Ligand SMILES: [Fe+2]
Ligand SMILES: [Fe+2]
């Protein structure tokens, strides 16, 4: 019997330490190729065995994350209005909200530090439009319509210039960023890997809805501060459009997502409240860990400069 070659998959449940780093690096490498359109003759002979092994590992990873965030979603309301109120307070009290990294970027970071930060962020970005496309499959009509409107905005409403993905690529090109999984901190890789796992496994479809919705809700504040940092560093307006656009547009996206997607899905089946809430908190939890690691690596705070725990955890 031949054994699948993805030995790293057995470390899926580790959420810290060297095995966590190895797993996330390998999974990010795998994710970089897996969704590329292909041809039958290009398919590897062990493709299905690898898919199965990786799929199981992703589920193990998400289950470990669900356990980790369980205390944060203990009191989740299942009635739609109460649930939306609970979801909206995540903006203020969720993991990573108000992290001091972002005001520091806006006011103090050097161009090299900003470049390092963007290098990590670009790598952790799994492509909102593709995550959304995978998530919306077979969703009820009201939710799907709002997802379609959101997707159309991601697509620049049919104009290449307005597409969000290429906007980020233009900024990455300006800074000459070409991150590979080996050159990015595992916390940032884990964030992107988790978004993909949630979007690709239908058992986590509502987790993915929550994770995407919480991005829309929490991105504007951070995007405005990153945009302020880029402006302060005199990055041309055309190159920093990605953050300038998201600082404004995602406020509207978030309002519509909560009203049209979250409310209708929970009204139809209250069990979805827990799944949506878990997905949102898992996404924020990853964000919080990434910001902490970034601060550590950037040595942005005096206390942190003396704190080597980030290196020990790597
Ligand atoms: Fe976007
Ligand atoms: Fe958006």
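The values are calculated or read from the model by the stated rules, or taken from the named source; none is laboratory data. Values in this document were obtained by computation on a predicted structure and should not be read as measured data. Here the Cβ positions follow ideal geometry from the backbone for every residue, glycine too, while neighbour counts run over all protein chains shown.
Of the helices (runs of 4 or more DSSP H) lying entirely inside the stretch 195-274, those carrying at least 3 residues that are more than 25 Å from residue 70 (Cα to Cα) and within 16 Å of ligand 1 (Cβ to nearest atom) are 205-232, 241-256. Taking the criterion of being touching a residue at least 40 places away in the same chain (Cβ under 8 Å), over 14 Å from residue 142 (Cα atoms) and surrounded by fewer than 20 Cβ atoms within 10 Å (Cβ to Cβ), the residues of the stretch 254-277 that qualify are 270, 271, 274. Which one of 170, 115 is within 16 Å of ligand 1 (Cβ to nearest atom) and over 28 Å from residue 202 (Cβ atoms)? After applying the criteria, what remains is 170.
Taking (1) assigned to a helix (DSSP H, G or I); (2) in contact (Cβ under 8 Å) with a residue 12 or more places away in the chain; (3) over 23 Å from the mean Cα position of the chain (by Cα) in turn, residue 48 satisfies each apart from (2).
For the stretch 5-16, a residue qualifies if it is more than 17 Å from the chain's Cα centre (by Cα) and either within 24 Å of residue 199 (Cα to Cα) or at pLDDT 95 or above (or both), and the qualifying residues are 6, 7, 8, 9, 10, 11, 12, 13, 14, 16.
Listed by first and then second residue, the pairs linking a residue in the stretch 4-22 that is more than 19 Å from residue 185 (Cα to Cα) to a residue that is assigned to a helix (DSSP H, G or I), with Cβ atoms under 7 Å apart and 6 or more places separating them unless they lie on different chains, are 4/49; 4/50; 4/53; 6/50; 6/53; 6/54. Only one of the listed residues (119, 102) is more than 16 Å from ligand 2 (Cβ to nearest atom), at pLDDT below 95 and either more than 19 Å from residue 198 (Cα to Cα) or touching a strand residue (DSSP E or B) at 6+ places or on another chain (Cβ under 7 Å) (or both). That residue is 119. When residue 296 is tested against (1) within 21 Å of the chain's Cα centre (by Cα); (2) modelled with pLDDT of 95 or more, just one condition goes unmet, and that condition is (2). Among residues that are crowded, with 23+ Cβ neighbours inside 10 Å, more than 14 Å from the chain's Cα centre (by Cα) and either within 16 Å of ligand 2 (Cβ to nearest atom) or touching a residue at least 40 places away in the same chain (Cβ under 8 Å) (or both), residue 249 is not included. Given the criteria at pLDDT 95 or above, surrounded by fewer than 17 Cβ atoms within 10 Å (Cβ to Cβ) and farther than 19 Å from residue 202 by Cα, does residue 29 qualify? Criteria not met by residue 29.
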